[in-house]
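Down below is the structure, laid out as structure tokens.
The values are calculated or read from the model by the stated rules, or taken from the named source; none is laboratory data. Since the model is a prediction, treat every value here as computed from it, not as a measurement. Positions of Cβ are backbone-derived with ideal geometry, glycine not excepted, and every protein chain shown enters the neighbour counts. Protein only, heavy atoms only, side chains kept; ligands, DNA and RNA dropped before computing areas. Shrake-Rupley method; radii C 1.70, N 1.55, O 1.52, S 1.80 Å.
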Amino acid sequence: MSSSIKNTDKSPVKAMNKKKQRVVIICPGRGTYNKEELGYLQRFHSDKTEIVSLIDDFRDSQGQMKVSELDGMENYSMPTHTAGENASALIYACALSDYQAINKDEFDIVAVTGNSMGWYIALAVAGALKPKQAIKLINTMGSMMTKGVIGGQMIYPIINDEWNIEREQEHQVMQWLAQANQQRDCEVYVSINLGGYIVFGGNKAGLKALEALLPVVQDRYPMNLFNHAAFHTPLLSDVSKRAVELLPAQLFNAPEIPLIDGLGKVWQPYSCDVEQLHNYTLKTQVVEPYNFSKAIEVAIKEFAPDKLIILGPGATLGGAVAQSLISHHWLNLQSKANFIAQQKENPFILAMGLLEQRKKVVL
């Protein structure tokens, strides 16, 4: 029996059979809501009243400024918007709202990861924390240092102009790190492996000693990060202990989507030990280095996505992700120039904080 049915581009059959693109979601950390992002929730998420209200109500119950008020301020304030107790909840509200805006008919989300504080957001996005539990954890962790930031963070590049990691330079930087720690009262550690950059966390003396040893490059590095504590170092051991007391394992569930942590471990929906996930979140990653570069490596090699979607606010993670891709020659990328050309032709990274790329992601 011959068929005379024609399948045009507009036919329901065609639409139903359209293959979704496999994507890994990347959640942002601290330092992504800057002056340019002021009003992010108002601009893009005036319809996300349920998400924002839940966060605002929790903050209100804690006597804290609502995220809608922070986002709606007339002027950006570095002390106000970058303070941990404000930045964490504000970035979470923007990122979760972005996640809800992704066109799920177009994209099949196969895994979720994040950078530093973005791990907490990843837990929420993947369903390992339900909405009320997520804001409790994120707000609690963000508010741990309202009486004073513990230590600080400093960032330094280990790449050349074409975004290739220079292993000799990396080795030299680690020698300088060891040298700084030999000085009196100095404590400084690797905090985050961030693509072509190393983020260091330490006490004031340690960071100052390391800064004196590191040659100035690009007229801006080594760069101290404003209002950032010594995250992912032993200096936060007391924070970890308090977090375990305040945030029980009962807050957590097995994720609904695979989660990639800062060690590159994948937490699967059907084989997740919730106690271990709780321990990793509030113990391990609080006091040990966060290897975002490893998380990206696992994301591409284990899940073979068609795209990587970086949630807003901001788009500062794009460079670090690209540098990680180049280090593994993913999509035959060899250099910064290769990456830029690839992004223009057929972007592999879609950052929702960039309007042109955002349009390719949302409904």
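Summary of computed values
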{"read-out": "Residue that is most open to solvent (accessible area, probe 1.4 Å), among those in the stretch 45-76 that are under 14 Å from Asn34 (Cβ atoms) and within 22 Å of the chain's Cα centre (by Cα)", "value": "Tyr76"}
{"read-out": "Neighbours by Cβ (under 9 Å, 6+ apart or cross-chain): first from the stretch 242-263, at pLDDT 95 or above; second of a type in the set (S, T, N, Q) and part of a loop (DSSP other than H, G, I, E, B)", "value": "Ala254/Gln268; Ala254/Ser271; Pro255/Gln268; Pro258/Gln268; Leu259/Gln268; Gly262/Asn115; Gly262/Ser116"}
{"read-out": "Verdict on Tyr120 being under 20 Å from Met145 (Cβ atoms), open to solvent by less than 20 Å² (accessible area, probe 1.4 Å) and not in a loop (DSSP other than H, G, I, E, B)", "value": "no"}
{"read-out": "Of the criteria (1) out of contact with any His (no Cβ under 9 Å at 6 or more places or on another chain); (2) open to solvent by 40 Å² or more (accessible area, probe 1.4 Å), which one Glu288 fails", "value": "(1)"}
{"read-out": "Residue in the stretch 92-105 that is under 27 Å from Lys301 (Cβ atoms) and of a type in the set (Phe, Trp, Tyr) present", "value": "yes"}
{"read-out": "Count of residues meeting criterion [at negative phi and free of Cβ contacts under 8 Å to residues at least 24 places away in the same chain] in the stretch 159-185", "value": "12"}
